[in-house]
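Encoded as structure tokens, the structure appears first; notes follow it.
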2 protein chains.
Amino acid sequence: MRISALVERTGVPLATVKYYLREGLLPPGISTGATQARYTEDHVRRLQVIKALTSAAGLPLQKVKVVLELIDNPGDDMYSALGRAVASLPPYRDDAADDFPRARALLEHVGQLYDPGYAATAQLEHALEAADEAGIGMTVERFEAYARQIRGIAEFELQRMEGSDLSPIEYAVLGTALYEPVILAMRRLAHQDIAAKRLGNTASTG
Amino acid sequence: MRISALVERTGVPLATVKYYLREGLLPPGISTGATQARYTEDHVRRLQVIKALTSAAGLPLQKVKVVLELIDNPGDDMYSALGRAVASLPPYRDDAADDFPRARALLEHVGQLYDPGYAATAQLEHALEAADEAGIGMTVERFEAYARQIRGIAEFELQRMEGSDLSPIEYAVLGTALYEPVILAMRRLAHQDIAAKRLGNTASTG
């Protein structure tokens, strides 16, 4: 297809497509003349991924590059490639710390991996600290309850990775980032549903 | 306590405390002289709540006011007060839409309340749309799996509301906002833990 069809299919503006080509985020098309090139479904897919990472997930282009390079060349150590790819997602923090006492105590308590070098460990520590400061500190009982349910979600997600058309890196990065807002909205809606049923509200239910 | 002790206890700068007093977010202290006032534990608590809402949860002051008014005066209809309080949390969207077809179909499928006027319904619709566009659209099977686990989390949270020292509004708002990053970090860590165990990685486990 021509570049104009690429624009139409993906909704990414022409100037942006050209910019991605110049920056090497999008591989060049197959040249069909001095000023024309032909693009494929792979280009459509790559543009969808870039669009999802930038607009829905909020990655800066520099981080998008890291993810695309890992999609193209995950290398031999898939575990490490997955870790680096997911660590490219926001939130970003500069952490000088190499120990995260709240996160460590709770993760060790439930027998989960404690990797201080993984971005989500710092993310958990800071979230626990903020809850503490707000006077709603995490309890062991609550953490256990969360860990059990969240593990159920994560197990499902990893099982479905195997049957997916997407590459593992693509699946992990897009699935992590794009399902986060889904899960948060679902939690708020579950609260509302349970509260409506308990408080005897008559709002319409499906 | 004096205002200086309030600053020390909460870490909120003096100028900010004075600003909250002028704006009515913080009730005045008990006057002990022409230029002095005495503050109580209630002031400490209120400042912790304001701090959590502004810095951890990212609310603008105008939304903080709405939440504080609901904490002070929830009125007779607790269900509606809880809904309005949680709807004061980000993300904020201007939605002209009054139907959310993706969210409706899935919520009705699992027998959950579908309230198009509730902010989280629009939030879910947009999150589902972004996943669709990224080529990882939600399936019914996945939604059912998520809904089951998330309901487990939400049930636990509502049970613990009853035994909490906090007012229902405070508990709902702080619990919704401050545990969201906890849950997201825990999901990323669960992925890592499961992947490490499957892919035979030797990283240290607790």
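In segment A:1-87, the portion of solvent-accessible area held by carbon and sulfur atoms comes to 52 percent [1.4 Å probe, whole percent, DNA, RNA and ligands not counted]. Sorted from closest to farthest, the other copies place their residue B:45 label points 5.7 nm away, with each point set 7 Å from Cα along Cα→Cβ. For peptide B:139-146, the mean count of partner chain Cβ atoms within 10 Å of a residue's Cβ comes to 4. For the protein assembly as shown, what does the alpha-carbon gyration tensor say about shape, rounded, prolate or oblate, given a ≥ b ≥ c as the root eigenvalues, a/c under 1.5 as rounded, and a/b over b/c as prolate? Cα axes put the protein assembly as shown in the prolate bin. Using a 1.4 Å probe on the protein chains only, how many percent of the accessible area of segment A:95-203 belongs to carbon and sulfur? Here it works out to 51 percent. Summing both sides, the accessible surface hidden between B and A at a 1.4 Å probe radius is close to 8300 Å². Bridging of residue B:197 to aspartates and glutamates at a Cα separation below 20 Å is possible for A:76, A:77, A:108, A:115, A:144, A:155, A:157, A:162, once same-chain residues fewer than 8 apart are set aside. A point 7 Å from Cα along Cα→Cβ stands in for residue A:105, and the other copies hold the same point at 4.7 nm, listed in rising order.
Spacing of the modelled spin labels on residue B:2 and residue A:148, each 7 Å from Cα toward Cβ, amounts to 5.2 nm.
Projecting label points 7 angstrom from Cα along Cα→Cβ for residue B:35 and residue A:199 puts them 4.7 nm apart. Among residues of chain A, the one whose Cβ lies closest to the rotation axis carrying chain A onto chain B, together with that distance rounded to whole Å, is A:149, 2.
Solvent exposure of segment A:51-94 amounts to 53 Å² per residue of accessible area, where only protein heavy atoms count and the probe is 1.4 Å.
Panel note: contact residues of segment B:61-86 (accessible area lowered by at least 40 Å² against the chain on its own; 1.4 Å probe) correspond to B:79. Relative to the other identical copies, residue B:1 shows label-point distances of 6.3 nm, where the label point lies 7 Å from Cα along the Cβ direction and values run shortest first.
Oblate is the label for segment B:77-206, because the ratio a/c of its alpha-carbon gyration tensor axes (a ≥ b ≥ c) is 1.5 or higher and a/b is not greater than b/c.
Between residue B:162 and residue A:162, what's the calculated FRET efficiency when r is the beta-carbon distance and R0 is 56 Å? Round to 0.05. Result of the calculation: an efficiency of 0.85.
For residue A:65, a cut-off of 25 angstrom between C-alpha atoms picks up these lysines, skipping any fewer than 8 places away in its own chain: A:18, A:51. Of the DSSP H helices in chain B, those that are both long (alpha-carbon extent of 20 Å or more along the helix axis) and hydrophobic (Kyte-Doolittle mean at least -1.0) are B:119-133, B:140-162, B:168-198.
Rounded to the nearest 20 debye, the dipole size of the protein assembly as shown about its Cα centre is 660 debye, using +1 on the Cβ of Lys and Arg and -1 on the Cβ of Asp and Glu.
The values are calculated or read from the model by the stated rules, or taken from the named source; none is laboratory data. Here the structure is a predicted model, which is why all the values come from computation and not from measurement. Glycine also receives a Cβ, built like all others from the backbone with ideal geometry; neighbour counts cover every protein chain displayed. Areas reflect the complete protein model, heavy atoms only, side chains present, ligands, DNA and RNA absent. Shrake-Rupley method; radii C 1.70, N 1.55, O 1.52, S 1.80 Å.
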